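Trainee: I have a structure I would like to understand better, so I am pasting it below and will then ask my questions one at a time.
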2 protein chains.
Amino acid sequence: LPYTEKTPSIQLKAKSTVNIKYDFSPAKIDEESFPFLVWRKIAKELIDESNSSLLQSGHPQGEIELRTQIARYLYESRGIICDAEQIVIGSGTEQLLPMILRLFDHTPRLALENPGYSPIPRVHLQNQAIPIAVDDEGIQVDQLEQTDAKLVYITPSHQFPTGAILSAARRTHLLSWAMADQGRYIIEDDYDSEFRYIGKPIPALQSIDKAERVIYMSTFSKSFMPSLRVAYFILPHSLITKYKAVFSYYACTVPRFDQQMLSEFMLQGYFSKHLNRMRKIYRRKHDKILSIFEKNYPEVTISGDMAGMHMLISFKHSLDEQLIKEHLLKKHIRIQPLSQYTINKKENTNPSFILGFGGIPYAEIDQAIHQLMNAIYETT
Amino acid sequence: LPYTEKTPSIQLKAKSTVNIKYDFSPAKIDEESFPFLVWRKIAKELIDESNSSLLQSGHPQGEIELRTQIARYLYESRGIICDAEQIVIGSGTEQLLPMILRLFDHTPRLALENPGYSPIPRVHLQNQAIPIAVDDEGIQVDQLEQTDAKLVYITPSHQFPTGAILSAARRTHLLSWAMADQGRYIIEDDYDSEFRYIGKPIPALQSIDKAERVIYMSTFSKSFMPSLRVAYFILPHSLITKYKAVFSYYACTVPRFDQQMLSEFMLQGYFSKHLNRMRKIYRRKHDKILSIFEKNYPEVTISGDMAGMHMLISFKHSLDEQLIKEHLLKKHIRIQPLSQYTINKKENTNPSFILGFGGIPYAEIDQAIHQLMNAIYETT
């Protein structure tokens, strides 16, 4: 009897040596509202002998079923028109962005938002990427035009980490920049587009691009599960032939059973239900935080709070961001200073922190914010 | 009621447009003997609210529980002494090898077996890698010594694709090469080490390396499931500091629930049971194939059959490998010619094919081999 049905209880060990009570990291999601019941049911149904062909390697671009669901979802939610053949599934931005860069014969000069989401430049591009300043309308396209960049990587729906939403004027300007020269492309990372609290939804750049100059990227990390590691990009038709030539021997990095599970979750309508539910939950957390600051800490400036799962809190007086970060860790609170994502930081900027609220349970928000603020003021 | 327990039947669409009846690809595993019952049970137990912290991002090197199980397994099965801190988990060789290369300040010259497992050089290194010839004792270390390579990537347990096992003399020679100069490392991909049919097991190079010059790699693709995309490398202590500096912002690409499932599968003893079972199944397939060729096709030379899930079949007369491959596809048979993995192929080599037998059900082996051979001879 090699495979018995004995059921020992599964005990997980402690995950981390640092004991964190309140984690304001922007990558955290709400843990309380995850649809474990449905997810387990789908897993149970799919992990079955009748699907034994899923044990073998799959399509290099990812499962056709999942790509079909993604195309449908993007059409309905973001006005994006694409077919499954244009979609490439992978394990995250860090893994997909280098793939995009390899589609160009000579590694093109890449411009990045500053401050910006930066694991990629940190790891791969330290000395080559061109930082472009960001203000409250998003990336400063004027500055981009002064460079020799061929590619620009942006987070227009909720700029990371400032939270700015790229304005309509800047969007038009950016598309003009792309069309003004051969071989210019915009990599649109539609980060946090699922959650919008204030103002009208702005269509994705990809959906208004008539010239095939936008490579759209997104992920299920915020909208579903960070640890599932499912992200994707959409290639313009003009880049598909090149993709197939370069990556013909490539194996998609996401496990096939997980891809099929997610595809079923979407097909059966659970994903849109989940998103609707999460929108309410995050909006409630968002509103609660704003009201706590308004009532108790009017001296703190809040920005970047129109969308997504983090906002920026800024202080008028001078504070040592790094010192505060370390002091907070001793108090079991984790928060990231803005400077962590900034290249060539100016001296006089107001000290700011990225307040990710996705992972803080609603019932603990009051306590969490007060403990955070007390600990910050202890250092001054 | 956003999450009901309705149970629509899950129907998967056809996976491929080419209808393949017999697939001799070396990456295929046996589908009939996969322990779906246990795997589903573990999934059911782990996908639970009590594990909601697993939704968030995990350790960059992978789950500590899985790394602990891997260290234990490697000690018991391969004599490898390492601790979990040295192990880095990722989605496959294609993804992990570039990570290893980034640990060196100036991209080091990399030598590769020729013929060899080549998705990496094909994708990343086309013009930089140094091909080193392979004979029936494995890579020719003499040739390696004539180059300026700093790194060498080898598959010593069952060379891909020739099937050679690196001899004891060559192993010693290779370790001497590594120690003869600063900064030389051997990347030991222990591919197919789980399945050995003839001769004594040879210890891993890593286990006899006293100088910390071996970076060990392996995968669960052959021993468990190709589509799970779990592989790993073990760093010598001397490279860990550098790894932590370069990859501090990196997220492990393997989903955490899958890592925990695999870890439980190993912890509860199912993995070693599964391996023992698969060894019998593959040995039975292996022996059957040898006897079919001996009886019916004595003109075919078989090599590389001492281990693993593929062997090499070679013909004495001249055949066009590519032409045969295409003809076979029309007959719904997939097989890869040796030349597909060879750089600078010589004209007079005997035409050879890689006969992967993992995915052919035992009951169909007779038919599969006869149809393969008939179709090959049809072209001559």
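Trainee: Checking A:Asp305 against (1) within 20 Å of A:Arg72 (Cα to Cα); (2) touching a strand residue (DSSP E or B) at 6+ places or on another chain (Cβ under 9 Å), which single condition isn't satisfied?
Mentor: So A:Asp305 meets the others, but not (1).
Trainee: Output the residue which, of all residues in region A:256-310 that are of a type in the set (Gly, Ala, Ser) and in a helix (DSSP H, G or I), is farthest from the other protein chains (Cβ to nearest Cβ).
Mentor: Per the stated criteria, the residue is A:Ser291.
Trainee: I've got another one for you. When the residues of region B:54-78 are filtered to those that are facing chain A (nearest Cβ under 9 Å) and of a type in the set (Gly, Ala, Ser), which remaining residue is surrounded by the most Cβ atoms within 10 Å (Cβ to Cβ)?
Mentor: Looking at residues that are facing chain A (nearest Cβ under 9 Å) and of a type in the set (Gly, Ala, Ser), I get B:Gly58.
Trainee: So, one more: Go through (1) of a type in the set (A, V, I, L, M, F, W, C); (2) surrounded by fewer than 23 Cβ atoms within 10 Å (Cβ to Cβ); (3) part of a loop (DSSP other than H, G, I, E, B) and name the single condition A:Ile165 misses.
Mentor: (2)
Trainee: Among the residues of region B:262-283, is any in contact with a Cys (Cβ under 6 Å, 6 or more places away or on another chain) and in contact (Cβ under 8 Å) with a residue 24 or more places away in the chain?
Mentor: No, because not a single residue in region B:262-283 is in contact with a Cys (Cβ under 6 Å, 6 or more places away or on another chain) and in contact (Cβ under 8 Å) with a residue 24 or more places away in the chain.
Trainee: B:Asp142 passes all but one of (1) touching a His at 6+ places or on another chain (Cβ under 9 Å); (2) not in a helix (DSSP H, G or I); which number fails?
Mentor: Unmet condition: (2).
Trainee: Restricting to region A:294-330, name every residue that is in contact with a Leu (Cβ under 9 Å, 6 or more places away or on another chain) and surrounded by 15 or more Cβ atoms within 10 Å (Cβ to Cβ). Walk me through how you get there before you give the answer.
Mentor: So the first thing to find is which residues in region A:294-330 are in contact with a Leu (Cβ under 9 Å, 6 or more places away or on another chain), and the list is A:301-305, A:310-314, A:321, A:328.
Across region A:294-330, the qualifying residues are A:Ile302, A:Gly304, A:Asp305, A:His310, A:Met311, A:Leu312, A:Ile313, A:Ser314, A:Glu321, A:Leu328.
Trainee: Okay, moving on. Under 20 Å from the mean Cα position of the chain (by Cα), surrounded by 20 or more Cβ atoms within 10 Å (Cβ to Cβ) and over 28 Å from B:Leu54 (Cα atoms): which single residue out of B:His286, B:His274 fits that description?
Mentor: One residue alone meets the criteria, B:His286.
Trainee: When you check A:Glu321 against the structure, is it of a type in the set (D, E, K, R) and within 19 Å of A:Gly90 (Cα to Cα), yes or no?
Mentor: Criteria not met by A:Glu321.
Trainee: Of the residues that sit in region B:231-255 and are within 22 Å of the chain's Cα centre (by Cα) and not aliphatic (A, V, I, L, M), which one is farthest from B:Val38 (Cα to Cα)?
Mentor: Here the answer is B:Pro236.
Trainee: Name the single residue, out of those in region B:215-229 being of a type in the set (Gly, Ala, Ser) and within 11 Å of chain A (Cβ to nearest Cβ), that is nearest to A:Phe257 (Cα to Cα).
Mentor: If we take residues in region B:215-229 being of a type in the set (Gly, Ala, Ser) and within 11 Å of chain A (Cβ to nearest Cβ), then B:Ser227 is nearest to A:Phe257 (Cα to Cα).
Trainee: Taking region B:20-44, which residues are without any contact (Cβ under 8 Å) to a residue 40 or more places away in the chain and either touching a helix residue (DSSP H, G or I) at 6+ places or on another chain (Cβ under 6 Å) or closer than 17 Å to A:Met261 by Cβ (or both)?
Mentor: First, the residues of region B:20-44 that are without any contact (Cβ under 8 Å) to a residue 40 or more places away in the chain: B:36-37, B:40-41, B:44.
Those that are without any contact (Cβ under 8 Å) to a residue 40 or more places away in the chain and either touching a helix residue (DSSP H, G or I) at 6+ places or on another chain (Cβ under 6 Å) or closer than 17 Å to A:Met261 by Cβ (or both): B:Phe36, B:Arg40, B:Lys41, B:Lys44.
Trainee: Taking the residues in region B:20-52 that are among the small types (Gly, Ala, Ser) and under 12 Å from A:Phe36 (Cα atoms) as candidates, determine which candidate is surrounded by the most Cβ atoms within 10 Å (Cβ to Cβ).
Mentor: The residue in question is B:Ala43.
Trainee: Only one of (1) on the phi < 0 side of the Ramachandran plot; (2) over 22 Å from the mean Cα position of the chain (by Cα); (3) at pLDDT 95 or above is not met by B:Gly269, so which one is it?
Mentor: In the conditions (1) on the phi < 0 side of the Ramachandran plot; (2) over 22 Å from the mean Cα position of the chain (by Cα); (3) at pLDDT 95 or above, B:Gly269 misses (1) alone.
Trainee: Is there a residue in region B:212-233 that is touching a strand residue (DSSP E or B) at 6+ places or on another chain (Cβ under 6 Å), more than 21 Å from B:Gly79 (Cβ to Cβ) and surrounded by 21 or more Cβ atoms within 10 Å (Cβ to Cβ)?
Mentor: No; the residues of region B:212-233 include none that is touching a strand residue (DSSP E or B) at 6+ places or on another chain (Cβ under 6 Å), more than 21 Å from B:Gly79 (Cβ to Cβ) and surrounded by 21 or more Cβ atoms within 10 Å (Cβ to Cβ).
Trainee: When only residues in region A:79-94 that are more than 13 Å from chain B (Cβ to nearest Cβ) and in a loop (DSSP other than H, G, I, E, B) count, which is farthest from A:Asp209 (Cα to Cα)?
Mentor: Result: A:Asp83.
Trainee: If we scan region A:235-255, do we find a residue that is within 30 Å of B:Arg256 (Cβ to Cβ), surrounded by 24 or more Cβ atoms within 10 Å (Cβ to Cβ), facing chain B (nearest Cβ under 10 Å) and aliphatic (A, V, I, L, M)?
Mentor: Checked region A:235-255: at least one residue is within 30 Å of B:Arg256 (Cβ to Cβ), surrounded by 24 or more Cβ atoms within 10 Å (Cβ to Cβ), facing chain B (nearest Cβ under 10 Å) and aliphatic (A, V, I, L, M).
Trainee: While we're looking at this one, here's another question. What tally of residues in region B:16-53 results from selecting those that are at the interface with another protein chain (Cβ under 7 Å from one of its Cβ atoms), closer than 23 Å to B:Thr219 by Cβ and of a type outside the set (Val, Ile, Thr)?
Mentor: Of all residues in region B:16-53, those at the interface with another protein chain (Cβ under 7 Å from one of its Cβ atoms) come to B:27-29, B:31, B:34-41, B:43-49, B:51-53.
Checking which are closer than 23 Å to B:Thr219 by Cβ leaves us with B:27-29, B:31, B:34-36, B:38-40, B:43, B:46.
If we keep only those that are of a type outside the set (Val, Ile, Thr) as well, we get B:27-28, B:31, B:34-36, B:39-40, B:43, B:46.
Summing the residues that are at the interface with another protein chain (Cβ under 7 Å from one of its Cβ atoms), closer than 23 Å to B:Thr219 by Cβ and of a type outside the set (Val, Ile, Thr) in region B:16-53 gives 10.
Trainee: Follow-up question, since we're still on this one. Scan region A:95-103 and tell me whether some residue there is part of a loop (DSSP other than H, G, I, E, B) and modelled with pLDDT under 95.
Mentor: Among the residues of region A:95-103, at least one is part of a loop (DSSP other than H, G, I, E, B) and modelled with pLDDT under 95, which makes the answer yes.
The values are calculated or read from the model by the stated rules, or taken from the named source; none is laboratory data. These numbers come from a predicted model, not from an experiment. Don't worry about glycine lacking a Cβ; one is built from the backbone with ideal geometry, like all the others, and counts go over all protein chains shown.
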